[in-house]
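The structure under discussion appears below in the form of structure tokens.
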Amino acid sequence: MRRLMLLRHAKTETDAPNGRDQDRRLDDRGQKDAAEMGDWIAAHRPVPEMVLVSHAVRARQTWEIAWQAMKDRVAAPQVEILPELYGADPAQILETIRTATVPANPKQLLLVGHNPGMHEAGLMLMGGGDPAGAKALANNLPTAGLAVLDFDVKDWGDVAYRRGKLVLFVSPKLLRLG
């Protein structure tokens with residue numbers, strides 16, 4: 001069994017000071033939401049053994065803030081910053097999942113990336129699971145939203161579209177409502 005966690009970066013400023021999209025930073029709400037999601041992940045085992053993060057500032061900040069909320073309670077995962085996750089479409093995300101996990105083959109993998117690719121990948125990988133979560137995810141993967149999917153495979157190279165079971169979908173907004 002392999003568990004995939006897809007985390008969209010948290011809320012950002014509208015424009016980066018230098019005008020480059022990949023340099024946009026988290027705003028105050030984004031920083032709070034990233035910490036909240038890190039706290040949630042640490043409290044809901046299993047936690048990621050490996051984390052693949054887009055090189056965009058907002059994705060790296062989301063992971064760094066989430067990790068600060070988790071670090072005193074969980075073992076440190078292996079973390080890789082991957083430029084190819086910035087602007088990745090579902091096919092690129094799937095290829096990254098299949099190849100970046102070799103040879104480590106962690107049981108739990110977290111990706112921190114961007115829409116629309118992360119949202120589309122979540123929908124394409126999901127083949128069943130939590131109906132309420134699937135309905136919520138169908139609408140959007142909001143900033144700091146987390147989709148958790150389980151795959152009945154022995155290694156990440158066997159992950160395929162429509163083979164994942166959506167375990168749950170959670171976001172800062174849903175946590176506040178919950």
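The values are calculated or read from the model by the stated rules, or taken from the named source; none is laboratory data. Model, not experiment: these values are computed from the prediction. Cβ coordinates were reconstructed from backbone atoms using ideal geometry, including for glycine residues, and neighbour counts include every protein chain displayed. To get the accessible areas, we keep the full protein, side chains included, count just its heavy atoms, and leave off ligands, DNA and RNA. Shrake-Rupley method; radii C 1.70, N 1.55, O 1.52, S 1.80 Å.
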**Asked** What tally of residues in region 96-150 results from selecting those that are in contact (Cβ under 8 Å) with a residue 60 or more places away in the chain and open to solvent by 50 Å² or more (accessible area, probe 1.4 Å)?
**Response** 2
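In region 65-107, how many residues are hydroxyl-bearing (Ser, Thr, Tyr) and assigned to a loop (DSSP other than H, G, I, E, B)? Can you show your working first?
From region 65-107, those hydroxyl-bearing (Ser, Thr, Tyr) are 86, 96, 99, 101; that's our starting set.
With the extra rule that they be assigned to a loop (DSSP other than H, G, I, E, B), the set shrinks to 86, 101.
Going through region 65-107 one residue at a time, the tally reaches 2.
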**Item:** Residue satisfying condition, being within 17 Å of ALA10 (Cβ to Cβ) and at pLDDT 95 or above, within set GLN78, GLN108, GLN68
**Value:** GLN68
**Prompt:** Exactly one of (1) under 21 Å from PRO46 (Cα atoms); (2) touching a Gly at 6+ places or on another chain (Cβ under 8 Å) is unmet by GLY113. Its number?
**Reply:** (2)
**Message:** Being assigned to a strand (DSSP E or B), of a type in the set (Gly, Ala, Ser) and within 26 Å of ALA56 (Cβ to Cβ) is the filter here; which residues of region 112-151 pass it?
**Reply:** GLY113, ALA147
